[in-house]
Amino acid sequence: MTLTIPGFDHVRLPGAGGVELAATVGGSGSPVVLLHGFPQTHLMWRHVAERLADEHTVICPDLRGYGASDKPAATDPDVYAKRTMAADVVTLAAALGHERFALVGHDRGALVAFRAGLDHPETITHLGILDIVPTLDMWNVLHGTAAAIGYHLFLMAQPPGLPEAMIAGSADAFFGSFLDAWANDPTAMPSDVRAEYLRASAAAVTSIVADYRASADIDVLHDQADLDAGSQLAMPVTVVQQDWGAQLGYDAAGVWKAWAPDLDHRLTRAGHFMAEEAPDEITAAIQDLLAR
């Protein structure tokens, strides 16, 4: 049985181009959409979603290519472009009657949220970002031996065939390695939740790789075009991340300030899976964002 967020309704809703997304919806009030990261599903938001649902309608979809959502074949680069995945989210929210909403993303979901903020400024009222820098900046800050921390980015950027075969051949070991290495508090991810992430990821190897491959190709082109045009995020933005700037030698707040003039940049002591390790902290950061 697929795990989901207790007390939330499970629905299937239209995304872009005929794709259907699985989502959980709960609470009432102004809408907040929460996008999960890798190698996870909407389940990562279970603690934060329950807290926010006291005052908000909370919508937690599985991204296209992940969890119970459709996994279309990557017949061209646009299929898993963050621009397309952002259109999924806008389409899904509209199907629930929300033409404007706050959006918070973690990891891969944060890249989708970033693109949604740039492409749909009239729709995204507030933007929350957990533990990333934008795709273009990500590639720019990974260099030398420090880049080894992001080896999976380079692996999944390779042409179709070999990455998928390598990962599928040891899926639990591959995906489990990130659940282990990126957590500061392993107890925050119980065995049944971990098993659900591994099950869902093993069933989505091809689409997960396609998502990452897009970030070494078309997503970079889209970010560069916005940078060249001087595009910025028009809404209030909160970024919560580990101190990657100190670890990799760059000014993380400065990177984000270039994209987000109205920025609240916060560092956390939690690990990468901060919504599970520090749900009170992340909930408070989102509530502060929504109050701006």
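The values are calculated or read from the model by the stated rules, or taken from the named source; none is laboratory data. Remember, predicted model here, so these are calculated numbers, not experimental data. With ideal geometry, Cβ positions are generated from the backbone for all residues, glycine too; neighbour counts draw on all protein chains shown. Accessible surface is based on the protein model in full, side chains and every heavy atom, while ligands, DNA and RNA are left aside. Shrake-Rupley method; radii C 1.70, N 1.55, O 1.52, S 1.80 Å.
Key figures for this structure:
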{"read-out": "Condition met for Leu227 (aliphatic (A, V, I, L, M) and farther than 30 Å from Lys71 by Cβ)", "value": "yes"}
{"read-out": "Output for segment 233-249, where each listed residue is open to solvent by 40 Å² or more (accessible area, probe 1.4 Å) and in contact (Cβ under 8 Å) with a residue 60 or more places away in the chain", "value": "Ala234, Trp244, Gln247, Gly249"}
{"read-out": "Residue that is nearest to Leu21 (Cα to Cα) [pool: residues in segment 74-99 that are outside any helix (DSSP H, G or I) and touching a residue at least 40 places away in the same chain (Cβ under 8 Å)]", "value": "Leu96"}
{"read-out": "Scope segment 198-219; condition in a helix (DSSP H, G or I), of a type outside the set (A, V, I, L, M), in contact (Cβ under 8 Å) with a residue 60 or more places away in the chain and out of contact with any Pro (no Cβ under 6 Å at 6 or more places or on another chain); matching residues", "value": "Thr206, Ser207, Asp211, Tyr212, Arg213, Asp219"}
{"read-out": "Flag for Gly230 being closer than 22 Å to Arg115 by Cα, open to solvent by less than 60 Å² (accessible area, probe 1.4 Å) and without any contact (Cβ under 8 Å) to a residue 12 or more places away in the chain", "value": "yes"}
{"read-out": "Flag for Gly245 being of a type outside the set (Lys, Arg) and not in a loop (DSSP other than H, G, I, E, B)", "value": "yes"}
{"read-out": "Test: residue in segment 217-238 that is under 16 Å from the mean Cα position of the chain (by Cα) and either among the β-branched types (Val, Ile, Thr) or farther than 16 Å from Thr135 by Cα (or both)", "value": "yes"}
{"read-out": "Among the candidates Ala148, Ala188, residue that is more than 18 Å from the chain's Cα centre (by Cα) and under 30 Å from Leu3 (Cα atoms)", "value": "Ala188"}
{"read-out": "Candidates Glu281, Glu276, filtered to the one that is open to solvent by 20 Å² or more (accessible area, probe 1.4 Å), at pLDDT 95 or above and among the acidic types (Asp, Glu)", "value": "Glu281"}
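Results for (1) in a loop (DSSP other than H, G, I, E, B); (2) open to solvent by less than 10 Å² (accessible area, probe 1.4 Å), shown as yes or no for each residue.
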site	(1), (2)
Gly105	no, yes
Ala110	no, yes
Arg115	no, yes
Leu136	no, no
Ala146	no, no
Ile149	no, no
Pro160	yes, no
